[in-house]
Amino acid sequence: MANGISKFALVTAHERGCARAAFEAMSDASPDLQLRSIFEEGNVVDRMSQNSIFSGGTTVRNVRGEEASGATSALMADLSVGRINQATFVTPNGETTKLDSIERSGDKWDHDEVKSSLSAKDKHVFDALVSTDRARRAGLGVGEVRLVHLDSDWRLGEPEADLFQVTDITERIEDPAMVGFLSDTYKALEKGTAPAASLVPGCWQCQYFSSCFGETRNPITELSRLGKARIAALSQLGVVDIRDIPAGFNLTDKQRAAADFAINSQAHVNEDSLAKALAGISEPVRHLDFEWVGFAVPVHEGVAPWEPVATQYSIHLETEEGLEHTDHLSEAEGDGRRELAESLIDALGDEGSIIVYHASAERSRIRDMARWFPDLEESLNSIADRLFDLLPVVRKNVLNPDFHGSTSLKVVAPILVPGFGYDDLDIAGGGDAQGAMNLMMRGKIAAEEVPAMRERLLRYCERDTEATAGILQALRVIGLPESP
């Protein structure tokens, strides 16, 4: 199986500290919209590097495997060639690796690994280690290894070469722990079967937890800040469910209280505090949600690499007859920022509370618009001042074991509003919404598919404001004082 292990799977394993994660990543279906957009941004950055800082190199184009490896060998043998882009190598056991750029350095070749990140993070260093390791096993004499990443100060219109910063990571990829983990992961995957699952810190926030340990009502990952020592001890005991933690196990008071609540407690509402919080809402009441997109190489003037740009909103207005909905979705072509900002100001009016969930995100998008368009600043800042955040209201006043330690919108809404959900939507998460808009704006969605994709985006954003409207109504009901 070694020649079928992707770099993506190996990096996933490194991020989680778990070889099983690599196996699960390889078993995943085709990449979702979010992952596709991340890959696309990487391709854009690679092309820009070839056209700027590596423009003096010869690029191996449109060939794969042995053919690309042969073309690379021929270029290496030509002493007039000092740099090769997309150099391809095949190891004796059939693994293929493509290096973004290599530069002749005496009898060796320096390796430049290009990443669409803003810094040289450990996962990117590990990614470079995987490529370098395979190239070495294919016979390449590797000199320095450098990570090429993005400069957050770069803006559209500036020289393309200025987008890139270079960090020497030669010593970092020789880190014994990192090298050892790569070797151990290869060994664990050699048989082609799933390595045994073990509880590690990387299990927290891992999408593969249920694949590894099965469905459990109270997964141990609901407890926070256990630390490596406690996690290792629970792993030795085979504990993956909170209910199986031994009575005398060393937990902090907060962890023990959280475990007891998850297992034994009933839902509880702090009615007095809830009623006081809701009294701060003024009419007319509107519900707002943004979706946004980010690009490694910005497509908007004055925007930094990976800086979020709002591309759509959904608003629900509460009326006596029910909810009235309005929305806006920018076109994939051109700069739709001002049109969205002006439409937002018109749609939200001058009075009343604007209900959001996790206000820091919405407030940041509004402040961005105010920065881009100073003539709209007063109106936009007024909107920001009217935001009312439901998240801290829920977190402080509603305790429910069915939340399983989370107060995210997609967890809370189905619990407080029975029957509510996102399962019927083709786009059901913010990551895929961002990915869809990214791919449309990059021209990577077929023209005939764009209308349907836009409709999916509109329905997803609309569902989020339906969620806050449903949560608020549920809070109003459960916060009412009981009749004498």
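The values are calculated or read from the model by the stated rules, or taken from the named source; none is laboratory data. None of the values given here were measured: they were computed from a predicted structure. Methodologically, a virtual Cβ is constructed for each residue, glycine included, from the backbone with ideal geometry; neighbour enumeration extends over all protein chains shown.
Restricting attention to the stretch 97-138, which residues are of a type outside the set (D, E, K, R) and over 16 Å from residue 170 (Cα atoms)?
Initial filter on the stretch 97-138 (of a type outside the set (D, E, K, R)): 97, 99, 101-102, 105-106, 109, 111, 114, 116-120, 124-126, 128-132, 135, 138.
Result: 97, 106, 116, 117, 118, 138.
The listed residues are 235, 224, and the only one of them that is within 31 Å of the chain's Cα centre (by Cα), farther than 24 Å from residue 409 by Cα, outside the structural domain of residue 151 (by TED's automatic domain parsing) and among the polar types (S, T, N, Q) turns out to be 235. Inside the stretch 459-484, residues that are surrounded by fewer than 18 Cβ atoms within 10 Å (Cβ to Cβ), of a type in the set (A, V, I, L, M, F, W, C) and not in a loop (DSSP other than H, G, I, E, B) make up a count of 2. Of the residues making up the stretch 292-338, those that are among the polar types (S, T, N, Q) and crowded, with 18+ Cβ neighbours inside 10 Å are 311, 312, 314, 330. Looking at (1) assigned to a helix (DSSP H, G or I); (2) touching a residue at least 40 places away in the same chain (Cβ under 8 Å); (3) buried (at least 21 other Cβ atoms within 10 Å of the Cβ), find the lone condition where residue 44 falls short. Unmet for residue 44, out of (1) assigned to a helix (DSSP H, G or I); (2) touching a residue at least 40 places away in the same chain (Cβ under 8 Å); (3) buried (at least 21 other Cβ atoms within 10 Å of the Cβ): (3). In the stretch 393-445, the residue that is surrounded by the fewest Cβ atoms within 10 Å (Cβ to Cβ) out of those that are basic (Lys, Arg) and within 30 Å of residue 298 (Cβ to Cβ) is 444. Within the stretch 383-399, being touching a Leu at 6+ places or on another chain (Cβ under 9 Å) and within 27 Å of residue 331 (Cβ to Cβ) holds for 383, 387.
Selection of the stretch 181-209 for residues being assigned to a helix (DSSP H, G or I) and among the acidic types (Asp, Glu) yields only 184.
Each residue in the stretch 5-22 was checked for being part of a helix (DSSP H, G or I) and touching a residue at least 40 places away in the same chain (Cβ under 8 Å), and 11 pass.
The numbered conditions (1) touching a helix residue (DSSP H, G or I) at 6+ places or on another chain (Cβ under 8 Å); (2) not in a loop (DSSP other than H, G, I, E, B) are all true for residue 420 except (2).
Looking at this structure, is residue 158 closer than 22 Å to residue 115 by Cα, out of contact with any Leu (no Cβ under 9 Å at 6 or more places or on another chain), outside any helix (DSSP H, G or I) and in contact (Cβ under 8 Å) with a residue 24 or more places away in the chain? No: the conditions fail for residue 158. Residues that are in contact with a Gly (Cβ under 7 Å, 6 or more places away or on another chain), outside any helix (DSSP H, G or I) and loosely packed, with under 15 Cβ neighbours inside 10 Å occur at least once in the stretch 106-128. The one condition from (1) farther than 17 Å from residue 4 by Cβ; (2) not in a helix (DSSP H, G or I) that residue 98 does not meet is (1).
Taken over the stretch 54-88, the criterion of being within 34 Å of the chain's Cα centre (by Cα) and surrounded by fewer than 17 Cβ atoms within 10 Å (Cβ to Cβ) is satisfied by 55, 61, 62, 63, 64, 65.
Residue-level check: of (1) touching a Phe, Trp or Tyr at 6+ places or on another chain (Cβ under 7 Å); (2) in a loop (DSSP other than H, G, I, E, B); (3) charged (D, E, K, R), residue 61 misses just (1). Would you check if there is a residue in the stretch 133-140 being in contact with a helix residue (DSSP H, G or I) (Cβ under 6 Å, 6 or more places away or on another chain) and either over 23 Å from residue 190 (Cβ atoms) or part of a helix (DSSP H, G or I) (or both)? Within the stretch 133-140 (the criterion being in contact with a helix residue (DSSP H, G or I) (Cβ under 6 Å, 6 or more places away or on another chain) and either over 23 Å from residue 190 (Cβ atoms) or part of a helix (DSSP H, G or I) (or both)), the answer is no, since none of the residues qualifies. Cβ separations smaller than 8 Å between residues 6+ apart or across chains give the following pairs from the stretch 186-201 residues that are outside the structural domain of residue 226 (by TED's automatic domain parsing) to residues that are at pLDDT 90 or above and polar (S, T, N, Q): 198/235; 199/235; 200/235.
Of the strands (runs of 3 or more DSSP E) contained entirely in the stretch 284-387, those carrying at least 2 residues that are under 26 Å from residue 446 (Cα atoms) fall at 286-293, 309-319, 322-329. Could you go through the stretch 81-100 and let me know if any residue there is closer than 17 Å to residue 115 by Cβ, of a type outside the set (Lys, Arg) and modelled with pLDDT under 95. Yes.
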